[in-house]
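Here is the structure we will look at, set down as structure tokens.
Each reported figure results from applying straightforward, stated rules to the coordinates on display, with no laboratory input. Predicted model, so just to flag it, every value in this text is computed and none were measured. So basically every Cβ, Gly included, is an ideal-geometry build from the backbone, and we count neighbours across all protein chains shown.
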Amino acid sequence: MTLAHEHPSDGTDRARLAPALVAAAKQLSAAGVASPRVDAELLAAHVLGVGRGRLVLVDTVRADELRRFEELVARRAQRVPLQHLLGTAAFRHLELAVGDGVFVPRPETELLAGWGIEHTAPGATVVDLCSGTGAIALSVADEAQPRLVVAVERSPVALRFLQRNAGPFPSVRTEHADVTDPDVLLDLRGAVDVVLCNPPYVPDGTAVPPEVADHDPAEAVFGGADGLTVIRPVIRLAAQLLRPGGVVGIEHDDVHGSAVPDLLRADGHFTAVTAHDDLAGRPRFATATRLGP
């Protein structure tokens, strides 16, 4: 993607932004990027330090800005995640730091976070398992009024992103732990109001986009041969953490629309098991309520 530079009277090379955006969108489209125009505009806004909506007010850009934009577009065409190039990922009302070694939160997970927020009463205790960037935990802390949100993450790299993102939220406690460890969060057994989890759940061997295959950590994506390797112990842990009447929500693969609700029922500690679809009508997460003793 190259454009001829203009030479205004002040001697500073400049180029028109509109043709640059058109060229970038074509390049990204040819590379198989799903939203080429949007990605091109977001990258341009990032380089220029303006909101995407204000690009219409920008006529020309400096030569160095154009070069930086072209470099980012070239990397996006190589299927480097847009969020890695921007350094942040938008999630509900938050901008979360992301990068190599942490799973980039997806828009569909906002549905589970929203469900959790709706079920978090003021003063509640909430646990977010497999927290990653902290997208779910921090959204609950931001939008509800919990007393405590405990965000659990196993990966040391992801934990650093989680701790960075959690900095502005005094109600959030981060834990470096494995959710499959039977001794995790012993201090909270029977005292939690809401458990939420977006675990690794893609069945091993499933084809995934290059952004996922090459940049998301495999341990945060793949969940064993059937995709349920982490979900099974998460259900057991949720049963131990929740008080009677507490609720759990677990995101899952779209092939698990029956499997995860069935696992919740089979556990024997839950009632009101409910399957939830995403906005595209695909199975996305399951919820349940903890029975009494």
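Hey, what did the chain get for relative contact order, percent, Cα under 8 Å, at least 6 apart?
Values: 568 pairs, mean separation 37.2, N = 293.
With pairs under 8 Å counted, the relative contact order is 13 percent.
Toward the positive end of the charge dipole of the range 89-290, with +1 on the Cβ of Lys and Arg and -1 on the Cβ of Asp and Glu, the farthest Cα among 96, 198, 166 is that of 166.
Let's test the formula: R0 of 51 Å, r as the Cβ-Cβ distance of residue 62 and residue 206. What FRET efficiency results, to the nearest 0.05? Walk me through the numbers before you get to the answer.
Numbers: r = 44 Å, r/R0 = 0.86.
About 0.70, to the nearest 0.05.
Taking the Cα centre as origin and putting +1 on Lys and Arg beta-carbons and -1 on Asp and Glu beta-carbons, what dipole magnitude results for the range 14-78, to the nearest 20 debye? Numbers along the way, then the final one.
Working: 11 positive and 7 negative charges, 8 e Å.
Dipole about the Cα centre, nearest 20: 40 debye.
Between the listed residues 50, 152, 182, the Cα displaced farthest toward the positive end of the dipole of the chain, a dipole computed from Cβ unit charges relative to the Cα centre, is found at 50. Remark on residue 284: its backbone amide H falls under 5 Å from those of 276, 277, 278, a criterion applied only to residues 5 or more positions apart or on other chains, H modelled at 1.01 Å from N.
Please report, in debye to the nearest 20, how large the charge dipole of the chain is about its Cα centre when each Lys and Arg carries +1 at its beta carbon and each Asp and Glu carries -1 there. Kindly include the intermediate steps, with their values, before the conclusion.
On the way: 27 positive and 38 negative charges, 69 e Å.
Here the chain has a charge dipole of around 320 debye.
For the pair residue 214 and residue 258 in one chain, pulling the backbone fully straight at 0.36 nm per residue adds 12.9 nm over the alpha carbon distance.
Given the rule -39500 (n - 2.57) for each run of at least 4 DSSP H residues, summed and divided by the residues of the chain, what is its mean residue ellipticity at 222 nm, to the nearest 500 deg cm²/dmol? Can you show the working numbers first?
Details: 10 runs with 103 residues, N = 293.
Calculated mean residue ellipticity at 222 nm is -10500 deg cm²/dmol.
Between the labelled values (i) 0.94; (ii) 2.54; (iii) 1.14, the entry that holds Cα Rg over 2.2 N^0.38 Å as derived from this structure is (iii). Report the paramagnetic label zone for residue 13: residues of the range 39-55 whose backbone N is under 19 Å from a point 7 Å from Cα along the Cα-to-Cβ axis. So the set is 47-48.
The charge dipole of the range 41-101, taken about its Cα centre with unit charges on the Cβ atoms of Lys, Arg (+1), Asp and Glu (-1) only, comes to about 140 debye. In the chain, a dipole from Cβ-located charges (positive for Lys and Arg, negative for Asp and Glu) runs towards its positive end, and of 21, 78, 227 it is 21 whose Cα lies farthest in that direction. Inter-label distance, residue 191 to residue 38: 4.2 nm, where each label sits 7 Å from its Cα along the C-beta direction.
Shown in residue order for the range 181-193 are the 3J(HN,Hα) couplings computed by the Karplus curve 6.51 cos²θ - 1.76 cosθ + 1.60 at θ = phi - 60°: 6, x, 9, 6, 6, 4, 6, 10, 4, x, 10, 9, 8 Hz (x for Gly and Pro).
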